[in-house]
Every structure is written in C-alpha cells, then in structure tokens.
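One structure below.
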Amino acid sequence: MSLESTLKYIGKNVKPYWPTVAVASAELVFRPLFTMMDKKSPEETKKYTALREGITELIAAPTYLALPVLAAKASGLLKIKDAKAEKMAKHNLQILGTWVAALVVIPGLCSAVVKPFMDKIYDKKDKPEDKKLDITSKTIEIETPKVQISQTGNNEIYPRSAHQVSIANFANTGMKVGG
Amino acid sequence: MSIQNIISNPTFYNMTQGTATQMGIKTGLNSVARPGFILMDGDIDPHTKKFSASKEFLYQAISLAMYLGIIIPVFQKGAYSLAQKHFKDSAVLKAFNNPEQFKAFKKLTDSEKIQRLAELSKKVISNPEEFRAFKKLTPEQRTEEIAKLKAKSQSSDVFTRKNITEEDEALANGIVETSSLLGTVIGLAIVAPLTATKLIHPILKGIGLDKDKKAPEQPVQQLNQQA
C-alpha cells in the first residue's frame, strides 16, 4: 500500500472515534510509564498508581471504540431513506457516542471496576491513597500553654512561674541526694 | 421535528468535522465535567475537593490550549507543506496554499465548490500583467485566449472539477487528518502530561491552593459558643 493510497483511504474513511481510541491506546502505555519514571514518589505508590492508570485505560480504549460503533448501528433503526442524511446521522451518533463514553460510561465503569479490583490486589490498610486520610479531624483542639525550656541551662532568662521546680521532679531519675 | 431530523442535523455535522475540532470539543467538555464530578463527591473534604477540581480543570485547560494553539497548527501546516513538495503535480495541493483553505473548501456544497475553483482559476489568469495583456487584445484575440485557457483546464494552473476530483480531495483530507491524528496522540498522550503537570502546581500555589494546606480552623471561642 503506497503512501498516496494510505492517505486517500484515511481521507475517505476517517471516523470521529479514531482519535479517542488512539489517545486511550497510547495512554495505556505512556501513563503508567510516566508514573514509574517519577523519582519523587515512593516505589509502592508508583506501582499502585501505574496499575490503576493501566486498568483505567484498558477499560477506556475498547469503550471509546464500542460505543460509537454501536451508536452508528442504531442509525439503521431510524430508517432514514436519504443516503446523505444517513451519512450525517451516523457521524452525529458516533460523536454523541464518544461524548457519552467520555463523560458517563467510562467514569461509571472505572468506579465500578477499578476500585474493587485495586482493593482486592492491595490490602486496604496498605493502600497509599486512601481518601479518608485526607479528612480533617473535627475534634476541638484544646490549647495548652507551652513551657519553654532553656537549652543552655540558664533558667534565669525565663520567668519562674513557667518552670516550677519541685523535689518530686527528681523522684525517679536515679539521682540521690546526700547518700 | 422528527427524531431523524434531529439526529441527522447538518449544522451539528458541519460543526464536528475534523479530528482537531472533535478532540477540542471533547477536551473542553472534560474540563467542565471532570471538576464537576469531583465537586459533587460527598466523601471528600472541601479543601481536597477544591484542590483536585482546580487541578483537573487546569490540566484540561492547559492541554486544550497547547493542543489547539500549538500542536495542531504545527502538525497540520508541517505535513501539508511536506506533502506539497512530495506530490508536486497534485492540483488540489497547488490550489490551496494551507490546510485552512482546504478545510474551508471541503465544507462547501458541490455547486459552491465549482464556483470557488473558478475564483481560484481567475486569480491565476488575472494577475496584473496577464490582465493588462488580455485587455490590449482585440475581441477575436480575446476569444482565442479564452479558448486557450479552457484547453489549459487539464493543467494545474486552472482548477476545475476535472483536475480536482473527489479522489484528490480525499488525498488532501488524508494529509490533514493523518497529521491531526499524529498530533493528537503525541500532544495529548505525551506532551501534555509532561508539560501541563509542571505548570499546574505553580499556578495553584499562585492562587493560594496548596495540597498540604488545610482549611482554616474555626476559632475556639466560636466553637465554645456553638457548644
């Protein structure tokens, strides 16, 4: 097949779902690869993220192909008689199929498949990216006055009230006075 | 209006032609929908939600700007000028100097295409010198000149539906679409993840959003009052 005939074939037959399938297939390789190349993240986090991204794209690529193809087949049900109108209907349905796949079906499939799958592989407690870890504690923090302790041993620079010294402080230090 | 008419809407069909347009619309929709889904998630705390939604929006917006502003024009124009050198005898690549001109032509109806090609041919024969020479001719000579130009219609200087057929249009369209597909894959799967992610964090910091920064805590006095 020459370059000219290949270009003519693409020019005549290009479909709206080709670029989305091509990008999802390329991301199937490159997204996990880029994640594994990140030097800042810990090894376990990288493996977890790369696997999650790989599975996401593994779901996305065939969905981007299947949905527009099925949508275009549905145009047959509409029984459009005009050939030009049928061509336009197929194209429009393929575009809509791609959008539905991107905005509804793929996010839905991913939340239904990826999370349970990842939970099966990784024990929940070992999971590095747990949403719940980000939740801010709602407990009221009681402020306690902080006692400043001199690092040089010169206690005279601090007011006496801040560090009350009593014999009880020496009780269990192993220090013996007068013995 | 029947469902058939809605589904086969010609305006929607014309608006969604071409790989670059389709991917541009899809990325634009993603830039709205993905942050929207994050903001609707009830399990995440407000600060994380705001941070993740802003991050997702910025990623999609930067990718879209790079894709439509740099990657697609570079790939399309580069591939088109390479093709003009490779397919020297192609009338369609001579008639249209750049991919934008060809894309505008492709959207026309059959009769509009004939008219457009006649305009392009006129441009070739009516350059100032030729036009002045043509004006000096006697009516008989002019008729002869027109006959000569008609005979020339097979050559690539005069463009008609004889030398720019649907097959030739498919070639030019193939050049535009193949370069767009390559640009899409390289741009959205390789260039955008490597560059956009590096731009996001400085922008987020600039607008006061930090991953580790928690939402401001309520003053103790206020909490005591609530209790």
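The values are calculated or read from the model by the stated rules, or taken from the named source; none is laboratory data. Keep in mind it's a predicted model, so treat the numbers as computed, not measured. Positions of Cβ are generated from backbone atoms using ideal geometry, with glycine treated the same way; all protein chains shown enter the neighbour counts. Side chains are part of the model used for accessible areas, which takes the heavy atoms of the whole protein and leaves out ligands, DNA and RNA. Shrake-Rupley method; radii C 1.70, N 1.55, O 1.52, S 1.80 Å.
Details
- Residue satisfying all of: in the range B:86-108; free of Cβ contacts under 8 Å to residues at least 60 places away in the same chain and more than 28 Å from B:MET15 (Cβ to Cβ); least open to solvent (accessible area, probe 1.4 Å) among these: B:HIS86
- Answer residue from the range B:19-41, given it is out of contact with any helix residue (DSSP H, G or I) (no Cβ under 7 Å at 6 or more places or on another chain) and within 11 Å of chain A (Cβ to nearest Cβ) and is most open to solvent (accessible area, probe 1.4 Å) among those: B:VAL32
- B:VAL185 vs. criteria hydrophobic (A, V, I, L, M, F, W, C), surrounded by 15 or more Cβ atoms within 10 Å (Cβ to Cβ) and modelled with pLDDT under 75: no
- A:TYR17 among the aromatic types (Phe, Trp, Tyr) and surrounded by 15 or more Cβ atoms within 10 Å (Cβ to Cβ): yes
- Evaluation of B:ASN14 against (1) surrounded by fewer than 14 Cβ atoms within 10 Å (Cβ to Cβ); (2) under 27 Å from B:GLU100 (Cβ atoms); (3) more than 16 Å from the chain's Cα centre (by Cα) (one fails), failing number: (3)
- Residues in the range B:126-160 that are within 27 Å of B:SER90 (Cβ to Cβ), outside any helix (DSSP H, G or I) and modelled with pLDDT of 75 or more: B:VAL158, B:PHE159, B:THR160.
- Yes/no for A:LYS8 being crowded, with 19+ Cβ neighbours inside 10 Å, at negative phi, among the basic types (Lys, Arg) and free of Cβ contacts under 8 Å to residues at least 24 places away in the same chain: yes
- Of the listed requirements (1) free of Cβ contacts under 8 Å to residues at least 24 places away in the same chain; (2) facing chain A (nearest Cβ under 9 Å), B:ASP45 misses just one: (1).
- Checking every residue in the range A:27-50 against the condition of being at the interface with chain B (Cβ under 8 Å from one of its Cβ atoms), over 16 Å from the mean Cα position of the chain (by Cα) and surrounded by fewer than 20 Cβ atoms within 10 Å (Cβ to Cβ) gives zero matches.
- Residue in the range A:61-73 that is open to solvent by 50 Å² or more (accessible area, probe 1.4 Å), basic (Lys, Arg) and at the interface with chain B (Cβ under 10 Å from one of its Cβ atoms) present: no
- Test: residue in the range B:49-62 that is within 14 Å of chain A (Cβ to nearest Cβ), touching a Pro at 6+ places or on another chain (Cβ under 9 Å), closer than 20 Å to B:THR19 by Cβ and among the hydroxyl-bearing types (Ser, Thr, Tyr): no
- Checked against the criterion of being open to solvent by less than 50 Å² (accessible area, probe 1.4 Å) and out of contact with any Pro (no Cβ under 9 Å at 6 or more places or on another chain), the candidates B:ALA83, B:ALA65, B:ALA79 yield just one match: B:ALA83.
- Flag if A:LEU58 is more than 7 Å from every other protein chain (Cβ to nearest Cβ), within 24 Å of the chain's Cα centre (by Cα) and free of Cβ contacts under 8 Å to residues at least 40 places away in the same chain: yes
- Residue count for the range B:109-119 satisfying the condition of being in contact with a Lys or Arg (Cβ under 9 Å, 6 or more places away or on another chain) and open to solvent by 80 Å² or more (accessible area, probe 1.4 Å): 2.
- Selection status of B:GLN84, at pLDDT 90 or above, farther than 20 Å from B:ALA192 by Cα and not hydrophobic (A, V, I, L, M, F, W, C): yes
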